[in-house]
1. Within segment 169-205, work out how many residues are in a loop (DSSP other than H, G, I, E, B), in contact with a strand residue (DSSP E or B) (Cβ under 7 Å, 6 or more places away or on another chain) and surrounded by 16 or more Cβ atoms within 10 Å (Cβ to Cβ).
2. What's the number of the condition residue 35 fails, among (1) surrounded by fewer than 20 Cβ atoms within 10 Å (Cβ to Cβ); (2) part of a loop (DSSP other than H, G, I, E, B); (3) at pLDDT 95 or above?
3. Based on this model, can you work out whether residue 281 counts as more than 30 Å from residue 24 (Cα to Cα), part of a strand (DSSP E or B), in the same structural domain as residue 116 (by TED's automatic domain parsing) and modelled with pLDDT of 95 or more?
4. I'm trying to understand the selection: among the residues of segment 126-144, which are touching a strand residue (DSSP E or B) at 6+ places or on another chain (Cβ under 6 Å) and under 21 Å from residue 104 (Cβ atoms)?
5. Just to verify a result, which residue in segment 230-252, among those that are over 16 Å from residue 303 (Cα atoms) and assigned to a strand (DSSP E or B), is modelled with the lowest pLDDT?
6. Six or more apart or on different chains, Cβ atoms under 7 Å: show the pairs whose first residue is in segment 208-223 and within 14 Å of residue 192 (Cβ to Cβ) and whose second is loosely packed, with under 14 Cβ neighbours inside 10 Å.
């Protein structure tokens, strides 16, 4: 930018600054944009007013406050009739809010907001699913939700039921997964099971993609896993599929000698018990930007399409 001390501040300079700020706070595109009102442009040849200059600085500051970014020009403003002095670090400050655009100060979030919960109390084998949708209303609203630090949070538990190693393994896996959070560019988990991925909302397409997979580790039940996939229709509807896969093979054998191995059971094949019981729960919540002074986005709506009890 040509803007520097000693030069006349032109409409082009101002509009270039405004465009860069608007990319972060306004509609934006991709992983840029919070959904705030744009800073208006100045007509070429027009005098830049104090109100216009302050609107630019206000937009810059809103982004910084939302992110927790410290600006050089944080306290600068002008009054009507005063001179607009060059701010030597203005370009650098705008670069800062762009660099930190996906960062949010935790104090500006409304956390653990209710989404949807699904529960199963009957025993199961092989696989059960919790499939749900998150509706943001339109594609831009979805982008603004995630760009401003919003997350979709998923946590699981299995409790009660029989005292079996299989149940214990599932209770451990759900606990060890912790909370899985789908963000704009990544999906992370708070527990030790599985691994964070680089697939977030911004990577979703019309086909399912795995955003998280956590396994039961080593041992007899190492084939069991929690697998999460997600997709979007591009118009603000996200579908998330959580699969609880009990893939371990039950022990088998043949009755031989004594007890059950006597006639008529001698030589008859057997298969061990292989089911999960107790209460399995999938709980979905969300975090969203919720500071009316800086950035505040609307809450999405949730709906279960396939319940764990199905």
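The values are calculated or read from the model by the stated rules, or taken from the named source; none is laboratory data. This one's a predicted model, so the numbers in the text were calculated from it and none came from an experiment. Cβ: placed from backbone, ideal geometry, glycine included. Neighbour counts: every protein chain shown.
1. In the first step, residues of segment 169-205 are kept if they are in a loop (DSSP other than H, G, I, E, B); the result is 178, 183-186, 190-196, 198-200, 204-205.
Next, only the ones that are in contact with a strand residue (DSSP E or B) (Cβ under 7 Å, 6 or more places away or on another chain) stay: 178, 183, 186, 190, 193-194, 196, 199-200, 204-205.
Restricting the remaining residues to those that are surrounded by 16 or more Cβ atoms within 10 Å (Cβ to Cβ) gives 178, 183, 186, 193-194, 199-200, 204.
Number of matching residues: 8.
2. Failing condition for residue 35: (1).
3. On the way: more than 30 Å from residue 24 (Cα to Cα): yes; part of a strand (DSSP E or B): yes; in the same structural domain as residue 116 (by TED's automatic domain parsing): yes; modelled with pLDDT of 95 or more: yes.
In short, yes.
4. Passing the criteria: only 134.
5. Initial filter on segment 230-252 (over 16 Å from residue 303 (Cα atoms)): 234-235, 243-252.
Now drop any that are not assigned to a strand (DSSP E or B), which leaves 243-246, 252.
Numbers: 243: 98, 244: 98, 245: 96, 246: 93, 252: 48.
Filtering segment 230-252 for residues that are over 16 Å from residue 303 (Cα atoms) and assigned to a strand (DSSP E or B), the one modelled with the lowest pLDDT comes out as 252.
6. Going by the 7 Å Cβ cut-off, the qualifying pairs are 215/222; 216/222.
Here is a yes/no grid of residues against (1) over 15 Å from residue 60 (Cβ atoms); (2) free of Cβ contacts under 8 Å to residues at least 60 places away in the same chain:
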{"site": "9", "(1), (2)": "yes, no"}
{"site": "23", "(1), (2)": "no, no"}
{"site": "31", "(1), (2)": "yes, no"}
{"site": "38", "(1), (2)": "no, yes"}
{"site": "43", "(1), (2)": "yes, yes"}
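Quick grid of which residues meet (1) in a loop (DSSP other than H, G, I, E, B); (2) at pLDDT 95 or above:
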| site | (1), (2) |
| --- | --- |
| 48 | yes, no |
| 56 | no, no |
| 65 | no, yes |
| 69 | yes, yes |
| 73 | yes, no |
| 82 | yes, no |
| 96 | no, yes |
| 107 | no, yes |
| 111 | no, yes |
